[in-house]
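For reference, the structure is listed below as structure tokens.
The values are calculated or read from the model by the stated rules, or taken from the named source; none is laboratory data. These figures come from a predicted structure and were not determined experimentally. Ideal geometry is used to build each Cβ from the backbone, glycine not excepted, and the neighbour counts take in all protein chains shown.
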Amino acid sequence: MPVDAIKPGALVDIAPSIRRLTAFNAGTMTGPGTNTWILGEKEIAVLDPGPASPRHIGNIVDQAPGEVRWVLVTHTHLDHSPGAALLAELTGASLIGPPPPPGDRQDPSFCPDMQPEDGQEFDLGAFVLRAVHTPGHASNHFCWWHAPQGVLFTGDHIMQGSTVVIAPPDGDMSAYMASLDRLLGLPIRAMAPGHGRWIEQPNQEIRGLIAHREKREGRVVSAMRALGPAALEAILARVYDDVPQRLHPVAAFSLEAHLLKLEREGRAARDGASWRLADGAAQ
């Protein structure tokens, strides 16, 4: 399929019975905006309704080709799930997704009618979606697998055009890497991300993300070897010297996630506010 320009508010046919409607919330963390996926024809499932924007929710209701029966979310970050309550109020749809864990980046308004378990399948009229638990970006993150078309709806687990921020304590780099590796076992034909365009080379994308994270982790280890005990800010300047400084406050979250992963593996240790390679790991 040709590369498509993302235009917020415009309903785009992506694949049979799969349409994308991007919210008006473009930004540093959201790229061109949150993708809402509209699935089906007469009976509609809406995946990731986005922020609680009356304009966006109104567009979903107006442009959906049928009756909205189900609203699903990949996770409960503030750019993905707050619109669910408003959409359910307007349509009477059932809410499907994980409840929010504690944290100020979570959406406390999301109260699902059904909570998915890993591997659980949901019959949504003309098709079935399977819940695939993919913690890492968020502890309650689920991708949704459309097996007949081979499409994986990835939410923020995989985003087209950028890497995902892993922000502790709810974000976990070890879990994220394991979740990426797990997806290589699915026969994915294409991926529908929560931000950015349709991804038609899924295994290449997944392997590229794994390699990128492993390379970044190698830079973390090299920085600690060169610096000795150092504060996170000093490590950040070396590890992310290829990233604009305006993005360093965001990169600091993922750096902390890398350091915590290394600590759990016995490869890094903390001394107060400083980080160092663990004894025996510095050679």
One residue is enough: does region 78-90 have a residue meeting the conditions of a type in the set (A, V, I, L, M) and under 14 Å from the mean Cα position of the chain (by Cα)? yes
Within region 139-149, identify whether any single residue is hydroxyl-bearing (Ser, Thr, Tyr), touching a helix residue (DSSP H, G or I) at 6+ places or on another chain (Cβ under 6 Å) and part of a loop (DSSP other than H, G, I, E, B), and answer yes or no. no
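Can you go through 62, 48, 104 and tell me which one is in the same structural domain as residue 158 (by TED's automatic domain parsing), over 27 Å from residue 126 (Cβ atoms) and either at pLDDT 95 or above or of a type outside the set (Ser, Thr, Tyr) (or both)? Before you say what the answer is, go through the steps one by one.
Working: 62 fails: over 27 Å from residue 126 (Cβ atoms); 48 fails: over 27 Å from residue 126 (Cβ atoms).
Step by step, each of 62, 48, 104 is checked, and only 104 is in the same structural domain as residue 158 (by TED's automatic domain parsing), over 27 Å from residue 126 (Cβ atoms) and either at pLDDT 95 or above or of a type outside the set (Ser, Thr, Tyr) (or both).
Could you check how many residues of region 111-138 are assigned to a loop (DSSP other than H, G, I, E, B) and over 17 Å from the mean Cα position of the chain (by Cα)?
Residues of region 111-138 that are assigned to a loop (DSSP other than H, G, I, E, B), as a first pass: 111-113, 115-120, 124-127, 134-138.
Then drop every residue that is not over 17 Å from the mean Cα position of the chain (by Cα), which leaves 111-113, 115, 117, 119-120, 124-127.
Summing the residues that are assigned to a loop (DSSP other than H, G, I, E, B) and over 17 Å from the mean Cα position of the chain (by Cα) in region 111-138 gives 11.
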Which residues, taken from region 95-132, are without any contact (Cβ under 8 Å) to a residue 40 or more places away in the chain and surrounded by 15 or more Cβ atoms within 10 Å (Cβ to Cβ)? 95, 96, 107, 110, 112, 116, 120, 130, 131
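Within the group 193, 169, 148, 135, which residue is touching an Asp or Glu at 6+ places or on another chain (Cβ under 7 Å) and not acidic (Asp, Glu)?
135
One line per residue, one yes/no per condition, for (1) modelled with pLDDT under 95; (2) within 28 Å of residue 100 (Cβ to Cβ); (3) buried (at least 18 other Cβ atoms within 10 Å of the Cβ); (4) among the charged types (D, E, K, R):
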{"residue": "177", "(1), (2), (3), (4)": "no, yes, yes, no"}
{"residue": "193", "(1), (2), (3), (4)": "no, yes, yes, no"}
{"residue": "199", "(1), (2), (3), (4)": "no, yes, yes, no"}
{"residue": "208", "(1), (2), (3), (4)": "no, no, no, no"}
{"residue": "217", "(1), (2), (3), (4)": "no, no, yes, yes"}
{"residue": "226", "(1), (2), (3), (4)": "no, no, no, no"}
{"residue": "231", "(1), (2), (3), (4)": "no, no, no, no"}
{"residue": "280", "(1), (2), (3), (4)": "yes, no, no, no"}
Would you mention how many residues in region 170-201 are farther than 23 Å from residue 50 by Cβ and in contact (Cβ under 8 Å) with a residue 24 or more places away in the chain? 15
Give region 7-31 a look and list any residue that's at negative phi and touching a Gly at 6+ places or on another chain (Cβ under 7 Å), or say none. 8, 22, 23, 24, 25, 26
By residue number, the members of region 254-274 that are surrounded by 14 or more Cβ atoms within 10 Å (Cβ to Cβ) and closer than 24 Å to residue 209 by Cβ are 254, 255, 256, 257, 258, 259, 260, 261, 262, 263, 267, 268
Residue check: is residue 243 crowded, with 17+ Cβ neighbours inside 10 Å, out of contact with any Leu (no Cβ under 6 Å at 6 or more places or on another chain), of a type in the set (A, V, I, L, M) and within 24 Å of residue 136 (Cβ to Cβ)? no
If we ask which residues in region 153-197 are of a type in the set (A, V, I, L, M) and in a loop (DSSP other than H, G, I, E, B), their number turns out to be 8
I'm trying to understand the selection: among the residues of region 163-175, which are surrounded by fewer than 21 Cβ atoms within 10 Å (Cβ to Cβ) and closer than 28 Å to residue 18 by Cα? 163, 165
Check whether at least one residue in region 46-53 is more than 22 Å from residue 191 (Cα to Cα) and polar (S, T, N, Q), and report yes or no. yes
Kindly state which strands (runs of 3 or more DSSP E) lie completely within region 27-93 and contain at least 2 residues that are surrounded by fewer than 24 Cβ atoms within 10 Å (Cβ to Cβ). 67-72
